[in-house]
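The structure appears below as structure tokens.
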């Protein structure tokens with residue numbers, strides 16, 4: 001009498017468990033991608049939505065990989081671990097060519113997909129906020145670096161250790177940056193000493209300011225409010241204090257502010273690093289050597305640092 005060996009068919013139970021686990025992981029990854037939008041300040045520029053969408057995509061993919069890997073590790077620890085006194089070696093399993101091809105191709109395709117989407121976002125950001133660099137002393141009117149499609153500007157953004165100054169085309173000077181909503185603004189970023197960085201988290205934009213150069217940079221604010229401008233590049237002992245507000249307002253309010261401010265006399269503007277430096281001197285000028293802050297800029301409107309900002 002002959003016996004027939006049982007056929008090795010697909011393990012339906014294992015396929016079902018893996019399918020359910022993948023489905024749950026996809027739901028969690030989608031939730032993580034959706035929640036990631038709430039981790040940022042409000043979107044206040046035309047560039048913000050593209051940056052947030054890219055971050056959400058990367059968060060979703062990263063969450064799927066993370067929870068997938070930790071889920072497999074947890075399953076093995078719970079259901080496939082060796083016995084308490086089992087000190088034997090694992091089974092001598094040889095390489096699985098199909099599996100190796102799969103786990104090589106999937107990460108490769110994923111990375112290329114992220115790279116393609118990222119390049120697409122970068123091209124859109126370049127269109128929304130083109131930037132050009134030219135040497136100080138050049139005539140900007142003869143160069144393509146000035147944005148011809150800008151509605152406002154150029155506004156000079158002058159960074160120092162450790163204060164900001166903004167000079168408008170009308171000659172008005174301020175310690176806080178005023179911008180009209182939904183108007184394309186051209187900025188000229190200038191450093192008078194060391195490397196600084198123009199960074200407004202609500203705009204999702206960051207641009208280094210290089211000494212010896214002028215950087216023409218454009219943006220379009222899309223939300224009214226008071227947003228924080230930070231110096232995101234280490235520029236000395238008190239660079240963390242080198243902050244001010246960007247005030248986005250209606251076109252009528254912006255025009256009214258320019259006219260009213262033009263009538264104001266020049267006076268010292270915000271100098272956020274000065275109190276810390278004065279306190280250092282009062283304690284004997286001890287510790288690591290540092291340079292003194294630059295003199296406070298002379299402006300028509302020093303602003304009000306006590307007002308709360310939205311982001």
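Read the figures in this text as sums done on the coordinates, not as results from a lab. Keep in mind it's a predicted model, so treat the numbers as computed, not measured. Every residue, glycine as well, gets a Cβ built from its backbone with ideal geometry; the counts of neighbours run over all protein chains shown.
When 64, 40, 55 are checked against the criterion of being surrounded by 12 or more Cβ atoms within 10 Å (Cβ to Cβ), touching a helix residue (DSSP H, G or I) at 6+ places or on another chain (Cβ under 8 Å) and more than 27 Å from residue 311 (Cα to Cα), a single residue qualifies: 64.
Scanning the range 298-311 for residues that are in contact with a strand residue (DSSP E or B) (Cβ under 7 Å, 6 or more places away or on another chain), closer than 13 Å to residue 244 by Cα and surrounded by 13 or more Cβ atoms within 10 Å (Cβ to Cβ) returns 301, 302, 303, 309, 310, 311. Selection of the range 159-186 for residues being part of a strand (DSSP E or B), under 23 Å from residue 295 (Cβ atoms) and out of contact with any helix residue (DSSP H, G or I) (no Cβ under 8 Å at 6 or more places or on another chain) yields 159, 160, 163, 164, 165, 166, 167, 173, 177.
Out of all the residues in the range 253-267, which are assigned to a helix (DSSP H, G or I) and surrounded by 14 or more Cβ atoms within 10 Å (Cβ to Cβ)?
Taking the range 253-267 first, the residues assigned to a helix (DSSP H, G or I) are 253-262.
Within the range 253-267, 253, 254, 257, 258, 261, 262 qualify.
Mind listing whichever residues of the range 89-121 are in a loop (DSSP other than H, G, I, E, B) and surrounded by 10 or more Cβ atoms within 10 Å (Cβ to Cβ)? Spell out the reasoning first.
Within the range 89-121, the subset in a loop (DSSP other than H, G, I, E, B) is 89-96.
Across the range 89-121, the qualifying residue is only 96.
No other residue among 193, 147 is within 26 Å of residue 52 (Cα to Cα) and either part of a loop (DSSP other than H, G, I, E, B) or touching a strand residue (DSSP E or B) at 6+ places or on another chain (Cβ under 9 Å) (or both) apart from 147.
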